[in-house]
1. Can you tell me which residues in the range 1-53 are under 26 Å from Ala185 (Cβ atoms) and charged (D, E, K, R)?
2. Considering only the range 89-110, state which residues are of a type in the set (Phe, Trp, Tyr) and under 21 Å from Ser75 (Cβ atoms).
3. Where residues in the range 113-158 are open to solvent by 100 Å² or more (accessible area, probe 1.4 Å) and hydrophobic (A, V, I, L, M, F, W, C), which of them is modelled with the highest pLDDT?
4. How many residues are over 22 Å from the mean Cα position of the chain (by Cα) and crowded, with 16+ Cβ neighbours inside 10 Å when one looks only at the range 165-186?
5. Need at least 3 residues that are open to solvent by less than 30 Å² (accessible area, probe 1.4 Å) and touching a residue at least 24 places away in the same chain (Cβ under 8 Å) per element, so show me which strands (runs of 3 or more DSSP E) inside the range 1-112 make the cut, counting only ones lying wholly within it.
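The values are calculated or read from the model by the stated rules, or taken from the named source; none is laboratory data. Quick caveat: nothing in here was measured; it's all calculated off a predicted structure. Ideal geometry is used to build each Cβ from the backbone, glycine not excepted, and the neighbour counts take in all protein chains shown. All accessible areas refer to the heavy atoms of the entire protein, side chains included, with ligands and DNA or RNA removed. Shrake-Rupley method; radii C 1.70, N 1.55, O 1.52, S 1.80 Å.
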Amino acid sequence: YDFNRKAIAFGKQHYGLEGQISTDLKDIPLQQFDCVSAFEIIEHMENPVELMLLIEGLVKKDGYLILSSPNNKMSWRPPLDNPPHHLSRFNSHTLARFINKFGFETVAIYEQMSIYNLIRNYIGTLYRNKNENTLRGGEFRNKDVANAIKKILNKSKFIFNILLWPLDRMLHSLGFRYIGQVIIARKL
């Protein structure tokens with residue numbers, strides 16, 4: 001499932017996903033799996049219950065659901081974490097309670113604290129057009145400069161994450177969160 005029609009067209013054209021990817025949950029073939037992953041989907045849904053009912057039918061008994069979403073307790077909220085991009089918000093407690101209503105038992109919850117991603121996303125907002133109403137929060141004003149910065153940041157991400165890891169751990173222990181959370185649950 002994806003709401004981005006361009007991404008779906010790309011997936012169909014380059015990866016042969018015809019009949020396997022759609023903007024409508026009702027188009028997904030019903031079969032059962034040992035594990036279903038839903039990364040960064042639930043916050044985009046107008047009706048998260050509809051998504052969970054589908055997932056409930058897709059996961060075998062004793063199978064697993066791995067679900068991620070932005071954490072409502074994040075330290076700084078990027079412009080993309082608002083409608084029309086994100087329609088709902090969960091913290092780890094509310095997300096676990098929500099999926100438990102559909103016959104899943106929470107196995108593990110992981111919350112992210114990443115100074116690197118916080119800085120990168122904040123800087124990214126400075127280079128976006130604020131007057132555009134797109135699902136990406138506005139296109140980059142100067143794509144050449146933005147792409148050069150992204151390339152440098154992507155190549156140095158590993159180093160920054162290692163250097164910032166102690167600070168990330170300290171901030172996490174103090175209750176700071178940025179940006180995501182992952183829940184692993186088993187179907188009862």
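1. If the condition is that a residue be under 26 Å from Ala185 (Cβ atoms) and charged (D, E, K, R), then Asp2, Asp24, Lys26, Asp27, Asp34, Glu40, Glu43, Glu46, Glu50 are the ones that fit.
2. Within the range 89-110, Phe90, Tyr110 meet the criteria.
3. Restricting attention to the range 113-158, the residues satisfying the condition of being open to solvent by 100 Å² or more (accessible area, probe 1.4 Å) are 122, 130-131, 133, 136, 141, 143-144, 151-152, 155, 158.
Then keep just the ones that are hydrophobic (A, V, I, L, M, F, W, C); that gives 152, 158.
On the way: Ile152: 88, Phe158: 93.
Filtering first and then ranking leaves Phe158.
4. The initial filter retains those residues of the range 165-186 that are over 22 Å from the mean Cα position of the chain (by Cα), namely 166-167, 170, 173-174.
Now drop any that are not crowded, with 16+ Cβ neighbours inside 10 Å, which leaves none.
The qualifying residues number 0.
5. Values: elements: 33-39, 59-70, 104-111.
The strands (runs of 3 or more DSSP E) meeting that bar are 59-70.
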